[in-house]
1. Looking at the stretch 4-20, which of its residues are open to solvent by 100 Å² or more (accessible area, probe 1.4 Å) and not in a loop (DSSP other than H, G, I, E, B)?
2. Exactly one condition in (1) modelled with pLDDT of 85 or more; (2) in a helix (DSSP H, G or I); (3) surrounded by 10 or more Cβ atoms within 10 Å (Cβ to Cβ) is not met by Ile36; state its number.
Amino acid sequence: MGEQRQRYNEKFKRETVKYIQEQTKTVVEIGEELGISPGVLHNWLAKYREFGNEPVNSAEKVRELEQRLAEQEKELRARAQRIADVEEELAIVKKAVHIFSKPKN
């Protein structure tokens, strides 16, 4: 007779798809590693794929990350400017305290 088909539960399939998405290996390599045919893995990918688990590779995701980076750089520059302003004010106050704390003759 023929081989009996292996049955996998839903949780195993989802975890396998997540594993595939997190790896840099090909589906064929992972199939060989797990002993599961690449065709079956492709079917599971089509059904259970979650794009949030994949590494950054889409143009939209790259644009989103670039925009966030630009916003954070702008915020960082604004904070640096506020710090410079406060340091300048502090220097002025120190000079004023020094001048006004001298005893009068």
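1. Here is the first cut: in the stretch 4-20, the residues open to solvent by 100 Å² or more (accessible area, probe 1.4 Å) are 4-7, 11, 14-15.
Matches in the stretch 4-20: Lys11, Arg14, Glu15.
2. Unmet condition: (2).
The values are calculated or read from the model by the stated rules, or taken from the named source; none is laboratory data. Here the structure is a predicted model, which means the values were calculated and not measured. Heads up, the Cβs are rebuilt from the backbone with ideal geometry, glycines too, and the neighbour counts pull from every protein chain shown. Note: accessible area is taken over every heavy atom of the protein model, side chains too, but ligands, DNA and RNA are not part of it. Shrake-Rupley method; radii C 1.70, N 1.55, O 1.52, S 1.80 Å.
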